[in-house]
Every structure is written in structure tokens, then in C-alpha cells.
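Working notes, beginning with the structure itself.
The values are calculated or read from the model by the stated rules, or taken from the named source; none is laboratory data. Since we're looking at a predicted model, the values are computed, not measured. Neighbour counts run over all protein chains shown; Cβ positions are idealised from the backbone, glycine included.
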């Protein structure tokens, strides 16, 4: 068992060192992909937000820093998303069904903020 634990620890260290994925570190990537934990770490690419999702109801906590490597995460774009939809498309309440169906396709993904260089 000790050999197994040592090999696993060495593999994790190697994974961390060689990580080249889309997130700030290997641990963040693992937590976003793993939905069997006590809490869910999520990434919303549309709003560029990392957050902890409560398993007990509709509650979430935005993350400003990675809990594992400590890096300051890029600011989310929630306010910008709503502002652009209101000013450019006249959608002041895009969460209601009548306006939700008028949201341009690019605003349903990360395309809108990448296109604008945000």
C-alpha cells in the first residue's frame, strides 16, 4: 500500500508540474471535472466566472482566487454581459423568457467576450 500511495503522490506532483490545461492549475481542473465532491467547483465560460456551487440549494460563491494555487483569477464579466445586452440590444431583463429568446447566440457562450477582447 505504501508503494501505491508513494506512486500516486509522485504522479500528482508530475501532473501539477506539467499541467498545460485551460485553467490556472491541475488541481482546479480536477475539481471542475469532479462532481463527486462535497462541493462543486464550476466554471461558467459565458461569464468567465469560477464559483463554488452549494449542494444544498440555489447558492453559489464566486471565487476570486484559486483555492489550490492561490492565483488571482480573472474578473468575471457578469456586469458587462448585462450592460452590453441592455445598451446594444435593448434587453434590460434578459433573464425573462420574452427577452431571453432575443439574446444573440454569441452571448450564450464565451464568444461575446473573446470577440471584444475582454
Members of the stretch 1-24 that are in a helix (DSSP H, G or I) and under 28 Å from the mean Cα position of the chain (by Cα): 8, 9, 10, 11, 12, 13, 14, 15, 16, 17, 18
Checked against (1) touching a strand residue (DSSP E or B) at 6+ places or on another chain (Cβ under 8 Å); (2) farther than 29 Å from residue 118 by Cα, residue 41 satisfies every condition except (2)
Check on residue 41, out of contact with any helix residue (DSSP H, G or I) (no Cβ under 6 Å at 6 or more places or on another chain), under 18 Å from residue 71 (Cα atoms), modelled with pLDDT of 80 or more and surrounded by 11 or more Cβ atoms within 10 Å (Cβ to Cβ): no
Do you know which residues across the stretch 58-88 are outside any loop (DSSP other than H, G, I, E, B) and closer than 15 Å to residue 28 by Cα? 62, 65, 72
Being free of Cβ contacts under 8 Å to residues at least 60 places away in the same chain and either over 24 Å from residue 114 (Cβ atoms) or not in a loop (DSSP other than H, G, I, E, B) (or both) narrows it down to one of 55, 47, so name that one. 55
Taking the options 17, 3, 46, name whichever one is at pLDDT 85 or above and loosely packed, with under 10 Cβ neighbours inside 10 Å. 17
Hey, residue 91 assigned to a helix (DSSP H, G or I), over 20 Å from the mean Cα position of the chain (by Cα) and surrounded by 11 or more Cβ atoms within 10 Å (Cβ to Cβ) or not: no
